[in-house]
Amino acid sequence: DEASDRADALLDPLEKNTEELGGKTEEQVRGVMTALERVTARRRQDISKFEAELFGIDNDRKERSVLLLRGLAEALTAAAHKVPGEIERLVEKKTLDLDAVLLENQKAVKVLTSKLLVQTLEASKANKHRWHEGLVLWKQKRHRHTVELCMQRICSPEFEQPPGMVDLLGTVKDQQCKVFDGRMELVTAFFAAPLQGLTTGNTRAWEEQNTMLNDKAGDAFDRLFADLKSFVDDLDASGESMLKTLVEELKVHDARAEWGEHESVDSLIDADIRPPLKEHLESLRKLLISVTGNVSRQEEAQHTVMTQLLAYFMGVAKKGENLRKRMDEFDMNYKGEEDDCIHDFKEELAKNEGQMNKFKEMIDDAAHHEDLDGLKQKAFDFLNSMEQHYRDHAAQLLEIHNRYPGNVVTFLRDQTAGFCQELGLVLEPLPHEPNADADPQAAAEAAKAAETMAAELEGLAEWTEGSREGCKVLEKMFPADVRDKVLAVSSAKVSEAVAAAEAPPAEGDGEAVELEESTSQEVPTLHDGSTVLAMLDFDLQWLEGNFGTLRTTVFIQLNTDRERLGRIDTTAVTEEVRRQLDQRLRRHTNRKGEVQVDWYVPRYSTVAKHKDKFERHLVEVVKKSQGHDETVQELCAQMEKEENRYKEQLERLRGRLAE
């Protein structure tokens, strides 16, 4: 019937279509029992309803029979003219058969209802039994399904290749690229800077930038590694929570038939489920350790390269600053020597002119011809010394200017030699010229050293880009050798790095080649084989080309400095010195005539006039003196006469006193 079909349909997933039985939840399985109970309750309701319908039919028949019998009684009463009681007894007698039939029907309904209820009860028991068998099967299936789901989850990307960890590793890779790009910008700035702009200040600024970049990179990587470790720890905790939930669920299912040789769910989990989970988690931890180690080694390798490059460029910057300082000193020394010579000449010239002015004053003050002749001769001698001073000054200036080109060559050779040490170049030594005044033993040692140097440089090719007059540059080391020396890279590592650079990169690999031991380290990969890190380092061939370019840059600046120092036309300057000397000597030659005519002759005439006037003055003085002497003699005689007269008067008075 419909109830049985419905029950079969409900029990079908537990009995026949059991492939997906394990995927059903306990609520769904118990929902089947609830549905079966509803089917049973509905069947009982249908039986009760059927019983009520049968009773309703009999009641309806009974009610209609009563109505018919009542109508019959009324009709018989009206027709037979009998009393109602007699008619009723007659009708009741006739209805006995009908009542017996109704009674039998009721009994049959009760029996049928009882049989249906019993049948329903038996069907309910059978359904419950079938459901219990399905429940046991479901527990087994559910046990397998739960274990399978757990294993699928363990073998899923959640534990094999967690998306969150992939994102964090992608962030690590992006951070690698960001830091490497920052370092590449700095290295590019190193090599792109002209020698004029390559200063120790700039280099220290680059060092500070590199230090800041390293600090930021270290902090960023530390945070990322901490996040990765925290993620793995959380994943471990998630796995343990999953196993704990699995244990609880399997204990609830209690499918002991599925436990096999294990005595408990815990031992089953420890034996069959935990090992693959632990293996995956251990694989992730090893990946984290590998990533941390590779990043640390790569950072250390890049930091080492940056440190070595900064140290190298600091040396080049110091030599560049020394070049600029020496250039300024050389220029200042040349100009200062010239200016000092001119200044000393002007001071001496002013002093000489002052002396000539003194001679003029002395000539103007001379009172005797003999003194005047002596002063004139002294002035002539002094003019001769001034002429010699003019010649000495011109000779000194000519020596300064004539020495300048040779000094420029020597200066630039010395400066070039300093840069050659950094650039892997060497200057061809100048021919050894023995010094006759030198000690024989020292001369022999110098000659031997020159021969040794020549033997060492024998076979070296000339680097034509740097050679110039008086300075032949030989290529002692190729740019690749300079790179290896600066970065302290062995030839074997260089060969491996170059071979790796020329090989086609695998998908996900970095663009550059590592210089350090990280090249031999295994690249960490995810479960799907994709690399998690960008294996980045500076391209050796790119560095080699830049070291070659640096040579050219340095020698371009040296040639510019040579042109700057050579801008002075010493030929024109020496000609100007000679022209000025000729002009001075021509003007100076006329000064003796000036002394003779303008100074000596007028003073000589003046002295002669003064001499005549003085002689006349002496005659007048003699005359006046003689007149004074005569007057004095007269006065003395007169005074003597008066004195005698006074004495005579005194005698007369003395004689009169006696009277």
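The values are calculated or read from the model by the stated rules, or taken from the named source; none is laboratory data. Since the model is a prediction, treat every value here as computed from it, not as a measurement. Every residue, glycine among them, receives a Cβ derived from its backbone with ideal geometry; neighbour counts consider all protein chains shown. What goes into the accessible areas is simple: the full protein's heavy atoms, side chains included, and nothing from ligands, DNA or RNA. Shrake-Rupley method; radii C 1.70, N 1.55, O 1.52, S 1.80 Å.
Rounding to the nearest 10 and keeping the result within 0 to 90°, find how far the Cα-based axis of helix 84-94 lies from the longest principal axis of the chain. Approximately 80 degrees, to the nearest ten. Using only the C-alpha atoms, the convex hull of region 165-298 corresponds to 93 Å³ per residue. Whole-Hz Karplus values for region 181-191 come out as 4, x, 5, 5, 4, 5, 5, 4, 5, 3, 6 Hz, taken residue by residue from phi with 6.51 cos²θ - 1.76 cosθ + 1.60 and θ = phi - 60°; glycine and proline positions read x. When each of the peptides 389-396, 301-308, 327-334 is scored by the mean number of other C-beta atoms lying within 10 Å of its residues, the order from highest to lowest reads 301-308, 389-396, 327-334. Summarise the accessible area of region 165-206 (1.4 Å probe, protein heavy atoms) by the percent that is carbon and sulfur. Of the solvent-accessible surface of region 165-206, carbon and sulfur hold 55 percent. With helices as the sole contributors, the chain gives -29000 deg cm²/dmol at 222 nm; each DSSP H run of n ≥ 4 counts as -39500 (n - 2.57), and the sum is divided by every residue. Exceedance of the 31 Å cut-off in Cα-Cα distance is limited, within the set LYS251/LYS278; LYS16/LYS251; LYS216/LYS286; LYS178/LYS244, to LYS178/LYS244. List the lysines whose Cα lies under 19 Å from the Cα of LYS624, skipping any in the same chain that are fewer than 8 positions away. Cross-link targets: LYS613. Toward the positive end of the charge dipole of the chain, with +1 on the Cβ of Lys and Arg and -1 on the Cβ of Asp and Glu, the farthest Cα among LEU235, ALA108, MET386 is that of ALA108.
Taken about its Cα centre, region 34-172 carries a charge dipole of roughly 360 debye when the Cβ of each Lys and Arg holds +1 and the Cβ of each Asp and Glu holds -1.
Extending 7 Å from Cα along the Cβ direction at THR631 and again at ARG656 yields two label points whose distance is 3.7 nm. Counting every alpha-carbon pair across the chain, the share separated by more than 43 Å comes to 70%.
Between the Cα long axis of helix 540-565 and the first principal axis of the chain there is an angle of about 20°, rounded to the nearest 10. Accessible surface area normalised per residue over region 108-170 is 53 Å², counting heavy atoms of protein chains with a 1.4 Å rolling probe.
Between LEU585 and THR552, what's the calculated FRET efficiency when r is the beta-carbon distance and R0 is 56 Å? Round to 0.05. After rounding, the FRET efficiency stands at 0.60.
The stretch between THR34 and ALA417 holds 127.7 nm of extra length on full extension. This uses 0.36 nm per residue minus the Cα-Cα distance. Each label was represented as a point 7 Å from its Cα along the Cα-to-Cβ direction; for THR571 and VAL101 these points are 16.1 nm apart. Under a 5 Å amide H cut-off, with hydrogens placed 1.01 Å from N, LEU427 pairs with LEU474 among residues at least 5 apart or on other chains. For region 212-297, with all protein chains in place and a probe radius of 1.4 Å, 52% of the accessible heavy-atom surface sits on carbon or sulfur. Relative to the Cα centre, the charge distribution of the chain, modelled as +1 at Lys and Arg Cβ and -1 at Asp and Glu Cβ, gives a dipole magnitude of about 2240 debye. Remark: region 153-237 projects, on average over all directions, an area of 6.2 nm² (convex hull of Cα atoms).
Roughly what angle does helix 369-423 make with the longest principal axis of the chain, taking Cα atoms, 0 to 90 degrees, to the nearest 10? Tilt of helix 369-423: around 20 degrees. Rolling a 1.4 Å probe over the heavy atoms of the protein chains gives region 248-403 an accessible area of 53 Å² per residue.
Once the convex hull of all Cα atoms in region 541-659 is built, its volume per residue stands at 189 Å³.
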